[in-house]
Amino acid sequence: MLNIAVFASGRGSNFESLYRTILKENISARIVVVISNNSQSGALSLARSFSIPALHISRRQFESDEAFNGKILETLRAYNVTLIVLAGYMKKVSAAIIREFRNRIINIHPALLPKFGGEGMYGIHVHKAVIQAKEKFSGATVHVVDEVYDHGKVLLQDILAVDDDETPESLAAKVLNIEHRILPEAVKLIADGKL
Ligand code: GRF
């Protein structure tokens, strides 16, 4: 049984999709805690509505990076977390956390990595760049998180065609549907020991 910590900064639709798919498909995993740097995030209110511990932990609450990262690690240990899922988490995960959870942190990215990844490539900026580059295809990627942004081993991807009249908003909506499918799919494969 995987004990999952979800890190999310925004509305939490990937978190919700993961939560619901775990229940529907009886995946051998449970979300034991949701951590957000944003006290007003939809992800935290969704967690509360699912009676999942919802923790606002932000660097601003601490005197130093060490204290902040220590609090995150202490929380992960307290909940016996065995997999961290970044679902729209806008902060860099510290090297200390990556070391302790080597190959046990995954992220969902709204493009076909290694293209359109890295610093600044998040949210609508990704889809604007894909359209500007006149890409014929886009999609989403679940990858392992390591010390370099959007760089770790790709676990799952799915692809879609970019229409001629595609807008960043229409592409974001189509890619989000892929995200909501492949993130739970990756968790299921990990829970079944296949990834
Ligand atoms: C998603 O587009 C995801 O790819 C990116 O951040 C967004 C999170 O959306 N990492 P949500 O908060 O899960 O709705």
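Multiplying the residue separation of I124 and H151 by 0.36 nm and subtracting their alpha-carbon distance yields 7.8 nm. For the range 109-195, the list of GluC sites (Glu not before Pro) that fall in a loop by DSSP and count at most 14 other C-beta atoms within 10 angstrom reads E119, E147. The overall shape of the range 1-59, judged from the alpha-carbon gyration tensor, is prolate: a/c is not under 1.5, and a/b is greater than b/c.
What you get for the chain, charging only the Cβ of Lys and Arg (+1) and of Asp and Glu (-1), is a dipole of about 500 debye around the Cα centre. Compute the distance from the alpha-carbon center of the range 116-155 to that of the range 1-27, in whole Å. Using only Cα atoms to place each centre, the spacing works out to 21 Å.
Each label was represented as a point 7 Å from its Cα along the Cα-to-Cβ direction; for R11 and D158 these points are 1.9 nm apart. Set the Cα radius of gyration of the chain against 2.2 N^0.38 Å, with N its number of residues, and you get 0.99. Between S39 and I57, the modelled label-to-label distance comes to 1.7 nm, taking each label 7 Å out from Cα in the direction of the beta carbon. Taking the average, over residues, of other Cβ atoms within 10 Å as the packing measure, peptides 5-13, 42-50 rank 5-13, 42-50 from highest down.
Note on the range 26-134: Kirkwood hydrodynamic radius from all Cα pairs is 15.6 Å, rounded to one decimal. Applying a threshold of 29 Å to the alpha-carbon distances of K24/K71; K128/K188; K91/K115; K174/K194; K91/K174 flags K24/K71; K128/K188 as lying beyond it.
Taken along the Cα-to-beta-carbon direction at a fixed 7 Å, the label points for D165 and R102 span 5.3 nm. Per residue, the chain reaches -11500 deg cm²/dmol at 222 nm when only DSSP H runs of four or more residues are counted, each adding -39500 (n - 2.57).
The stretch between D65 and K194, if pulled fully straight at 0.36 nm per residue, gains 42.9 nm over its current Cα-Cα span. How much FRET efficiency would the formula 1/(1 + (r/R0)^6) give for K134 and A95, where r is the Cβ-Cβ distance and R0 is 45 Å, rounded to 0.05? After rounding, the FRET efficiency stands at 0.75.
Each peptide in 68-81, 98-111 receives the mean, over its residues, of other Cβ atoms within 10 Å, and ordering these scores from highest gives 98-111, 68-81.
Going by neighbour counts of Cβ atoms within 10 Å, the residues K194, K174, K188, K92 line up, fewest first, as K194, K92, K174, K188.
Every number in this text was worked out from the coordinates using simple rules, so none of it is lab data. These numbers were taken from a predicted model, which means no experiment stands behind them. FYI the Cβ positions are ideal-geometry reconstructions off the backbone, even for glycines, and counts take in every protein chain you see.
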